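Each remark here refers to the structure printed beneath this line.
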Amino acid sequence: MYAIFRKELADHLSSRRFLILFSLVLLSAVFAIYIAIQTIRGAVSPTSEFIFLKVFTTSGETLPSFLFFLSLFIPIVAIALGFDAINNERSTGNLSRLVSQPIYRDSVINAKFLAGLAVLGIMIVGVVAIVAGLGIRIVGVPPNGEEVVRLLAFVFISIVYAGFWLALAVLFSVLFRRTATSMLASLAVWIVFFFFVAVIAGAIADIAAPIDAGATFEQFTRNASIHGNLSRISPATLYGEATTGLLSPEVGTLNPAQFVMSSYAGRMANPLPLQDSLLLVWPQMVTIIALSAVCFAASYIRFMREEIRSF
Amino acid sequence: MGQLVVETTELTKRYNGFTAVNSLNLKIEEGEMFGFLGANGAGKTTTLLMLLGLTEPTSGTVRVCGMDPTRDARDVKRQVGYLPERVGFYEDLTARQNLQFTANLNHMRRTEAEEKIDAVLGTVGLARVKDQNVGTFSKGMKQRLGIADILVKEPRLAFLDEPTTGIDPNGIDDILKLISGMGKRGITVIFCSHILPQVQRLCSRVGIMSKGNLVADGAIDRLGREVVAAGKFRIEAELEGVGPDVIAAVRGVKGVHEVDAIESTLIIAAESDLRGQISRAIIESGALLLGMKVEEYDLETIFKRYSSEA
Ligand SMILES: Nc1ncnc2c1ncn2[C@@H]1O[C@H](COP(=O)(O)OP(=O)(O)O)[C@@H](O)[C@H]1O
Ligand SMILES: [Mg+2]
């Protein structure tokens, strides 16, 4: 497996595809950070806690935050690295040669997945490190210990999230013969999860628990609760919640109803201690890992017993 | 008799009710050069895939080097080199890098692999372009690289699926020489093809597939007789009138296997072209001979007959 892993890694790192995407991610990250820093200066008092984390989460008036950019780019890069993993080998006639070598067939999938994940890891760590470095220079405040741990947890969960999209893309590359099809299928799933799920969940919530002019507090929370819980079908929602929990400690809850309650009451809770934040995002993380495992298992089941013809 | 390296019993593959390979019983001995003939769609590739464990048989058993290719996939693949029908390489790697990757997958040590790769690239005549990207190679060069790819792993068996399709005549000649070279190295070769002369040139033994059935299997020079059970030559003799005497007389000729009479024509199956002896026998028996025709059942005829049926 190591031989395939090494080759895939080298392929990715030297590919134009990766270079273009990485530059794009880097550019938008730096841009977002610049805007964020402009905004932070006016927004926070020097005594605020977790200023450093704000570098990642603050959005400008017109530009979204670094966090938003990252949550946008992780799926795109992961799909770009995985959508043709298997079917490209098939159409170039390499797959027949590959699976007739003395290797376990699953090591082809494993190696491709791990190589993609390694590249995504390098990218995420790299971008976060660059942004953090810029943040220290410009804000002039080094992160405290807790902020470092929160950032590391954030990097970890981002890699896990990237792993989900990679596993999905690899699954489609096993299911579909044509690379164009597998790319479109991956992108379609991404669009549904990223844009539509929240909209549809909102529509369903409004039908199930309508909010009219004289809505009571209960009606508000019920609506929010349905909306929030339905949105959790989407890994994009889960990732959003997890990163919020980690990088915005002042958000004390990820429970949609309670969240409405606290903002309704017009006050935010005191920042959550680190341990509580980690506990808070634990279910989100486990769910994302489980979803990746499902995609991975499906690729296995399909690929392991499949007939490999050279056309 | 040498050791059996390939053995199938009642091997069958069906695709949604369509039988691609039907109850195949095939035995191949170590060191044989086996020609696997058949028109397109006859089931050759499907058979190879089952021998390699790249598809599972519907029923029947496969043994390659005494092992089951589905269960002991890795051990079988260590011993078998496979040249797929449409072989492909990583186009943005050089010939040498492609082979290096194969060597890595076969856990060869680096220095050993490098020597080996240089040697086999020399053998297949690609030494001068070994550091060129495979994307620049012609079909014939890629096919030769495919053979090098097999040689690198020093297999006991080589399965070659239509290795000469889409290649110009000179290229075909090179490839046939390389395949013959494989045989000389002691590699057992299964050479799949739909082109009889190429197979005849290399193989001592052939099997002919037709619509999933192995319709003939044997040494190339004996095959004609085996297929037409009664003999290799078919002689027709037109007579003025046919009686039991003349049939008995023709039967008595040495080398004649069978005699049938259809109206006033005798259909004779014989070992060789016995027109002289047969005509003498007919005349001596008192019958009148009007004319004779001979048809040879050579491999070509047989193969053509099966190919056109498919
Ligand atoms: N995956 C498949 N599904 C259905 N039919 C198939 C499949 N693969 C091959 N066949 C059929 O099986 C037959 C044998 O194919 P193949 O072994 O490739 O023939 P050959 O290699 O002798 O040309 C063909 O008629 C082909 O159409
Ligand atoms: Mg074929």
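Per-residue answers, yes or no, for (1) surrounded by fewer than 16 Cβ atoms within 10 Å (Cβ to Cβ); (2) in a helix (DSSP H, G or I); (3) among the aliphatic types (A, V, I, L, M); (4) modelled with pLDDT of 90 or more:
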residue	(1), (2), (3), (4)
A:279	yes, yes, yes, no
A:288	no, yes, yes, yes
A:291	no, yes, yes, yes
A:294	yes, yes, yes, yes
A:301	yes, yes, yes, yes
A:310	no, no, no, no
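Candidates in region B:259-310 are the residues that are among the acidic types (Asp, Glu) and more than 19 Å from residue B:240 (Cα to Cα); of these, the one that is modelled with the lowest pLDDT is B:309. Within region B:138-154, the set of residues being open to solvent by 10 Å² or more (accessible area, probe 1.4 Å) and within 13 Å of chain A (Cβ to nearest Cβ) comprises B:139, B:142, B:153, B:154.
Scanning region B:5-21 for residues that are under 17 Å from the mean Cα position of the chain (by Cα) and more than 14 Å from chain A (Cβ to nearest Cβ), we see that the one that is farthest from ligand 1 (Cβ to nearest atom) is B:5.
Tallying residues that are without any contact (Cβ under 8 Å) to a residue 40 or more places away in the chain, over 16 Å from the mean Cα position of the chain (by Cα), part of a helix (DSSP H, G or I) and closer than 24 Å to residue B:4 by Cα within region B:163-197 yields 1. Within region B:94-107, the set of residues being free of Cβ contacts under 8 Å to residues at least 12 places away in the same chain and either at negative phi or touching a His at 6+ places or on another chain (Cβ under 9 Å) (or both) comprises B:97, B:101, B:104, B:105.
Is one or more of the residues making up region B:220-235 loosely packed, with under 15 Cβ neighbours inside 10 Å and either within 17 Å of residue B:290 (Cα to Cα) or at pLDDT 80 or above (or both)? Looking through region B:220-235, none of the residues is loosely packed, with under 15 Cβ neighbours inside 10 Å and either within 17 Å of residue B:290 (Cα to Cα) or at pLDDT 80 or above (or both).
If you filter region B:25-45 down to residues that are among the polar types (S, T, N, Q) and near ligand 2 (Cβ under 8 Å from one of its atoms), you find that the one that is modelled with the lowest pLDDT is B:40.
In the set B:102, B:94, only one residue is more than 24 Å from the chain's Cα centre (by Cα), crowded, with 18+ Cβ neighbours inside 10 Å, more than 7 Å from every other protein chain (Cβ to nearest Cβ) and of a type in the set (S, T, N, Q); that residue is B:94. In region A:1-13, of all residues being within 9 Å of chain B (Cβ to nearest Cβ) and open to solvent by 60 Å² or more (accessible area, probe 1.4 Å), the one that is farthest from residue A:103 (Cα to Cα) corresponds to A:6.
For region B:39-68, the set of residues classified as away from ligand 1 (no atom under 16 Å from the Cβ) and either among the aromatic types (Phe, Trp, Tyr) or open to solvent by less than 30 Å² (accessible area, probe 1.4 Å) (or both) consists of B:64, B:65, listed by residue number.
The values are calculated or read from the model by the stated rules, or taken from the named source; none is laboratory data. Treat the numbers as computed from the prediction; the structure is a model and nothing was measured. Counting neighbours? That spans all protein chains shown, and the Cβs are built from the backbone with ideal geometry, glycine included. Heavy atoms of the whole protein, side chains included, go into the accessibility calculation; ligands, DNA and RNA do not. Shrake-Rupley method; radii C 1.70, N 1.55, O 1.52, S 1.80 Å.
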